[in-house]
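Participant: Structure in C-alpha cells, see below.
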C-alpha cells in the first residue's frame with residue numbers, strides 16, 4: 001500500500017529542516033507552490049496538521065516533529081548510500097560542501113585536499129559561526145570551519161589552531177605614535193566592529209570588560225575584509241585575527257603588550273556522518289595539517 005509519495009515526504013522533510021516553504025524549495029530545486037501542495041496533500045489525506053504557519057516560516061507540530069524524526073533518518077540513509085556508491089565507483093568521487101567563517105583557515109585545507117583527491121568537487125559557503133552550526137545540523141553543509149567549540153552531542157568537533165587577536169589602526173591614527181601600549185590606552189576609542197554573532201567581536205569585548213576598558217562603536221560591518229577597509233579609511237580601530245591580517249601600507253598593528261586574546265579554530269561535522277567517505281577524508285587532511293604545524297622548522301632544530 002502506497003502510504004505517501006517520496007516527493008511528498010521529501011518536501012515535508014526539507015520544510016522541517018529549513019523552517020520555511022521557500023527555503024525548502026531552494027534546497028530541493030523546485031517551486032515553492034509545489035512544496036506547499038505536497039505538504040497540503042499529506043495533511044489532507046491523513047487528517048493531520050504537520051506545521052503551524054508563523055509569519056514567513058513554519059513550525060512543526062508535535063505530530064510533525066515525530067514524523068520528521070523518521071523522515072530525517074530516511075533521507076540521511078539515502079545520502080549515505082549515495083556517498084558509499086560514489087566512493088565504490090572510483091577512489092573518492094563526489095561533492096563536498098564546506099561552511100567557513102572566512103577563507104584564511106579553510107583554503108589551506110582545501111588546497112591539500114584537492115592535491116590528494118582531485119576528483120572531488122568542493123563548494124565553500126561563508127557565514128558566521130551560528131549559521132555554520134545550523135547548516136551542519138540541517139545537512140545543508142558537510143563540514144564546518146569556525147571559531148569556537150560546539151557543545152552539542154550531535155556534533156563532532158576537532159580543535160585545529162589558536163589565533164591571537166590584534167588591533168589595527170590607520171597609519172594616520174594618533175595611537176600609531178605609541179611605541180608600546182596596554183588595553184587601557186584603548187579607553188574611549190572608536191572601533192569598527194563585526195556584526196553581533198562574530199566570535200572575534202565577542203572575545204574582544206569580553207577581554208575589554210575584564211580589563212575594565214570601554215570603547216565606542218558606531219559602525220558594524222559584515223566581514224573582516226570590510227573591517228580592514230573601514231580602518232584603512234580612518235573610520236575607527238579594528239580587531240582581527242593575526243592569521244587573517246593582510247599587510248597594507250595604510251594599516252598599522254598597534255603594539256598592545258597585554259593583548260592576550262585569541263579565537264580557537266575548530267572543524268565540525270555531524271557525529272552520525274563521521275564514517276561518510278568524503279567527510280572522513282577531509283578530517284584526515286585536517287589532522288595532517290595539525291601535525292605538520294607542530295613539526296619544527298629547519299631553523300628550530
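Participant: Working only within region 179-201, note down all residues that are modelled with pLDDT under 90, out of contact with any strand residue (DSSP E or B) (no Cβ under 8 Å at 6 or more places or on another chain) and not in a loop (DSSP other than H, G, I, E, B).
Facilitator: Those that are modelled with pLDDT under 90, out of contact with any strand residue (DSSP E or B) (no Cβ under 8 Å at 6 or more places or on another chain) and not in a loop (DSSP other than H, G, I, E, B): none in region 179-201.
Participant: Separate question: Looking only at region 59-96, count how many residues are outside any helix (DSSP H, G or I), touching a helix residue (DSSP H, G or I) at 6+ places or on another chain (Cβ under 8 Å) and at pLDDT 90 or above.
Facilitator: Total meeting the criteria: 2.
Participant: Could you tell me which of the residues 260, 226 is assigned to a loop (DSSP other than H, G, I, E, B) and either exposed (fewer than 14 other Cβ atoms within 10 Å of the Cβ) or out of contact with any helix residue (DSSP H, G or I) (no Cβ under 6 Å at 6 or more places or on another chain) (or both)? Walk me through it before giving the result.
Facilitator: Working: 226 fails: assigned to a loop (DSSP other than H, G, I, E, B).
Going through 260, 226 in turn, the sole match is 260.
Participant: Here's something else I'd like to know. Return yes or no: is residue 214 farther than 18 Å from residue 258 by Cα, touching a residue at least 12 places away in the same chain (Cβ under 8 Å) and not assigned by TED's automatic domain parsing to the domain that holds residue 147? Even if it seems obvious, please write down each step before you answer.
Facilitator: Values: farther than 18 Å from residue 258 by Cα: no; touching a residue at least 12 places away in the same chain (Cβ under 8 Å): yes; not assigned by TED's automatic domain parsing to the domain that holds residue 147: yes.
Here the answer is no, as residue 214 does not meet what is asked.
Participant: Checking residue 159 against (1) within 24 Å of residue 226 (Cβ to Cβ); (2) surrounded by fewer than 17 Cβ atoms within 10 Å (Cβ to Cβ); (3) touching a strand residue (DSSP E or B) at 6+ places or on another chain (Cβ under 7 Å): exactly one of these is not met. Which one?
Facilitator: Of (1) within 24 Å of residue 226 (Cβ to Cβ); (2) surrounded by fewer than 17 Cβ atoms within 10 Å (Cβ to Cβ); (3) touching a strand residue (DSSP E or B) at 6+ places or on another chain (Cβ under 7 Å), only one is false for residue 159: (1).
Participant: Follow-up question, since we're still on this one. Only one of 268, 279 is assigned to a helix (DSSP H, G or I), in contact (Cβ under 8 Å) with a residue 12 or more places away in the chain, farther than 23 Å from residue 174 by Cβ and in contact with a helix residue (DSSP H, G or I) (Cβ under 7 Å, 6 or more places away or on another chain). Can you tell me which? Reasoning before the result, please.
Facilitator: Values: 268 fails: assigned to a helix (DSSP H, G or I).
Among 268, 279, only 279 is assigned to a helix (DSSP H, G or I), in contact (Cβ under 8 Å) with a residue 12 or more places away in the chain, farther than 23 Å from residue 174 by Cβ and in contact with a helix residue (DSSP H, G or I) (Cβ under 7 Å, 6 or more places away or on another chain).
Participant: So which of 143, 150, 126 is crowded, with 22+ Cβ neighbours inside 10 Å and closer than 19 Å to residue 263 by Cβ? Spell out how you get there, then give the answer.
Facilitator: On the way: 150 fails: crowded, with 22+ Cβ neighbours inside 10 Å; 126 fails: crowded, with 22+ Cβ neighbours inside 10 Å.
It is 143.
Participant: Can you pull out every residue in region 97-145 that is part of a loop (DSSP other than H, G, I, E, B) and free of Cβ contacts under 8 Å to residues at least 24 places away in the same chain? Explain how you work it out, then say what you get.
Facilitator: Filtering region 97-145 down to residues part of a loop (DSSP other than H, G, I, E, B) leaves 101-102, 117-119, 127-128, 138-142.
Passing the criteria: only 118.
The values are calculated or read from the model by the stated rules, or taken from the named source; none is laboratory data. None of these values were measured; they are calculated from a predicted model. We place every Cβ from the backbone using ideal geometry, glycine too, and count neighbours over all the protein chains shown.
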